[in-house]
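Visitor: Structure provided below as structure tokens; questions to follow.
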Amino acid sequence: MKKTIKEQKLVLIILLSNIFIAFLGIGLIVPVMPSFMNIMHLSGKTMGYLVAVLAVAQLLISPLAGRWVDHYGRKKIIISGLFLFGVSELIFSLGTTVSALYISRILGGISAAFIMTGVTAFVADITSVQERPKAIGYISAAISTGFIIGPGIGGFIAEYGIRMPLFFAAGIAFLACISSIFILKEPLTKEQLAEISANTKQTNLIGDFKRSLNPRYFTAFIIVFVLAFGLSAYETVFSLFSDHKFGFTPKEIATIITISSIFGVVIQLFMFGKMVDILGEKKLIQLLLIIGAILAVVSTVISSFLAVLAVTCFIFLAFDLLRPALTTFLSKAAEKEQGFVAGMNSTYTSLGNIGGPAMGGILFDVNIHYPYLFAAVIMVIGFGITIMWKENRLGESLAKNLRS
């Protein structure tokens, strides 16, 4: 019998803190990136490549991280990820050449794959099927909160020097690494890890992709990819769209993003678990896809600040709830393959995040409305894909979990 969330409060706090710190660190450097660009005389193309290389590294390592989580254990992978994250931030803070920055971003992508995969699998292991949606909602909220306050804290710390936010990010990563060593306890026994590892030791990257075609997972993975592709296209051009169409100031754009993000975090923390209980993952995902598609279209016809704020709040909320809903669905279907599923979830997300921003930028140059309309079409396609879901597959998986 697994302990309740309340009984494992300290462990969950540490796990959520690890995720929070990783995404806080990513957000911390946002305010100082233009300064790095000017000081090192970097082109916009180079800055774009620095963003892309992190996503590519995460994409390539995520399947391996999933296998290693099942082989070496959740705790070791999480600790390794935190250590690598600290090192990557340290390299970036001390870097004086473009190659050093690339090395930093590659390590950052590897660390993100390790931390995301390890924490997701760890949480799935220690929570019951009934409480898992709430716990995964907490993970999503921790990610969003890190993104929200990261730039603000980074801007404040940057007053003491543009490299200080990076030193700060490295410091808290190393502290999280040390606290995890002493507080976290591997949720699976050596015997359980050996059993899982024995079933996957013959696999490779191609084999992992083939395993992801399993009907139990495939539809959800495709939706993960489609969602990441469409939403990253939408989110990438939001600031540009707001500036070009409405003439909003950076302060107004920041206000919209901050309020929308806080709104999403509050709903994730207090409502997500109840929504899953009432609707189930499939119906909730379908509802959110419909709402997201409608609001993406509405975004192209509104003009006032308050209207943009209201629509953005709800479309960002739909995005924020879709991610944990899909993760919950996959986690429940995974049974003993939590590491593999968490790794492939990260892989398909990375695939979408690489292609989506590029497509959004291309469409924006053609017509500023096209990225939003494109996102709407992608969400409609995602809704169509959900119709292929076999409810009985999930029901059989849940029944097995409940019996265990």
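Visitor: Being modelled with pLDDT under 70 and either over 25 Å from V98 (Cα atoms) or among the β-branched types (V, I, T) (or both) is the filter here; which residues of region 8-50 pass it?
Guide: Passing the criteria: only V30.
Visitor: Right, Y72: modelled with pLDDT of 85 or more and over 24 Å from F182 (Cβ atoms) or not?
Guide: no
Visitor: If I filter region 250-258 for residues that are outside any helix (DSSP H, G or I) and either aliphatic (A, V, I, L, M) or touching an Asp or Glu at 6+ places or on another chain (Cβ under 6 Å) (or both), do I get at least one hit?
Guide: Looking only at region 250-258, we keep the residues that are outside any helix (DSSP H, G or I), and these are none.
No; the residues of region 250-258 include none that is outside any helix (DSSP H, G or I) and either aliphatic (A, V, I, L, M) or touching an Asp or Glu at 6+ places or on another chain (Cβ under 6 Å) (or both).
Per-residue answers, yes or no, for (1) closer than 21 Å to L54 by Cα; (2) assigned by TED's automatic domain parsing to the domain that holds Q58; (3) crowded, with 20+ Cβ neighbours inside 10 Å:
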position: A325; (1), (2), (3): no, no, yes
position: L330; (1), (2), (3): no, no, yes
position: S346; (1), (2), (3): yes, no, yes
position: G352; (1), (2), (3): yes, no, yes
position: A358; (1), (2), (3): yes, no, no
position: D365; (1), (2), (3): no, no, no
position: A375; (1), (2), (3): no, no, yes
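Visitor: Which of the residues that make up region 159-196 are assigned to a loop (DSSP other than H, G, I, E, B), touching a helix residue (DSSP H, G or I) at 6+ places or on another chain (Cβ under 9 Å) and on the phi < 0 side of the Ramachandran plot? Walk me through how you get there before you give the answer.
Guide: Looking only at region 159-196, we keep the residues that are assigned to a loop (DSSP other than H, G, I, E, B), and these are 161-163, 184-189.
Still in the running and touching a helix residue (DSSP H, G or I) at 6+ places or on another chain (Cβ under 9 Å): 161-163, 184-188.
Within region 159-196, I162, R163, L184, K185, E186, P187, L188 meet the criteria.
Visitor: Hey, another quick one. What pairs come out if I take residues in region 110-137 that are closer than 22 Å to K76 by Cβ and pair them with residues that are of a type in the set (D, E) whose C-beta lies under 9 Å away, six or more apart or interchain?
Guide: From region 110-137, the pairs are A121/D70; F122/E186.
Visitor: May I ask you to verify whether K282 is in the same structural domain as A375 (by TED's automatic domain parsing), in contact (Cβ under 8 Å) with a residue 12 or more places away in the chain, charged (D, E, K, R) and part of a helix (DSSP H, G or I)?
Guide: Answer is yes for this residue.
Visitor: Moving on. Could you tell me which residue of region 134-193 is surrounded by the most Cβ atoms within 10 Å (Cβ to Cβ), considering only residues that are more than 20 Å from E89 (Cβ to Cβ) and among the acidic types (D, E)? Explain how you work it out, then say what you get.
Guide: Initial filter on region 134-193 (more than 20 Å from E89 (Cβ to Cβ)): 134-141, 144, 182-193.
With the extra rule that they be among the acidic types (D, E), the set shrinks to 186, 191.
Values: E186: 15, E191: 8.
Looking at the filtered set, the residue picked out is E186.
Visitor: Can you tell me which residue within region 360-399, out of those that are assigned to a helix (DSSP H, G or I) and of a type in the set (F, W, Y), is modelled with the lowest pLDDT?
Guide: F364
Visitor: Scan (1) modelled with pLDDT of 85 or more; (2) small (G, A, S); (3) surrounded by fewer than 18 Cβ atoms within 10 Å (Cβ to Cβ) for the single condition S299 breaks and write down its number.
Guide: In the conditions (1) modelled with pLDDT of 85 or more; (2) small (G, A, S); (3) surrounded by fewer than 18 Cβ atoms within 10 Å (Cβ to Cβ), S299 misses (3) alone.
Visitor: Given the options V87, V69, V32, V98, name the one that is without any contact (Cβ under 8 Å) to a residue 60 or more places away in the chain and either of a type in the set (A, V, I, L, M) or touching a Cys at 6+ places or on another chain (Cβ under 8 Å) (or both).
Guide: Working: V87 fails: without any contact (Cβ under 8 Å) to a residue 60 or more places away in the chain; V69 fails: without any contact (Cβ under 8 Å) to a residue 60 or more places away in the chain; V32 fails: without any contact (Cβ under 8 Å) to a residue 60 or more places away in the chain.
Only one candidate qualifies: V98.
Visitor: So, one more: Determine whether I91 is among the β-branched types (V, I, T) and touching a Phe, Trp or Tyr at 6+ places or on another chain (Cβ under 9 Å). I'd like the intermediate steps shown before the answer.
Guide: Numbers: among the β-branched types (V, I, T): yes; touching a Phe, Trp or Tyr at 6+ places or on another chain (Cβ under 9 Å): no.
Taking the combined requirement at face value, the residue does not satisfy it.
Visitor: Oh, and also: Which condition does A293 not pass, out of (1) of a type outside the set (D, E, K, R); (2) within 28 Å of F20 (Cβ to Cβ); (3) surrounded by 20 or more Cβ atoms within 10 Å (Cβ to Cβ); (4) out of contact with any Lys or Arg (no Cβ under 9 Å at 6 or more places or on another chain), if it passes all the others?
Guide: (2)
Visitor: While we're on this one: Do we have I79 as in a helix (DSSP H, G or I), β-branched (V, I, T) and without any contact (Cβ under 8 Å) to a residue 24 or more places away in the chain here? Give the derivation first.
Guide: Values: in a helix (DSSP H, G or I): yes; β-branched (V, I, T): yes; without any contact (Cβ under 8 Å) to a residue 24 or more places away in the chain: no.
So I79 does not fit the description; no.
The values are calculated or read from the model by the stated rules, or taken from the named source; none is laboratory data. Here the structure is a predicted model, which is why all the values come from computation and not from measurement. Backbone-built Cβ (ideal geometry, glycine too); neighbour counts: all protein chains shown.
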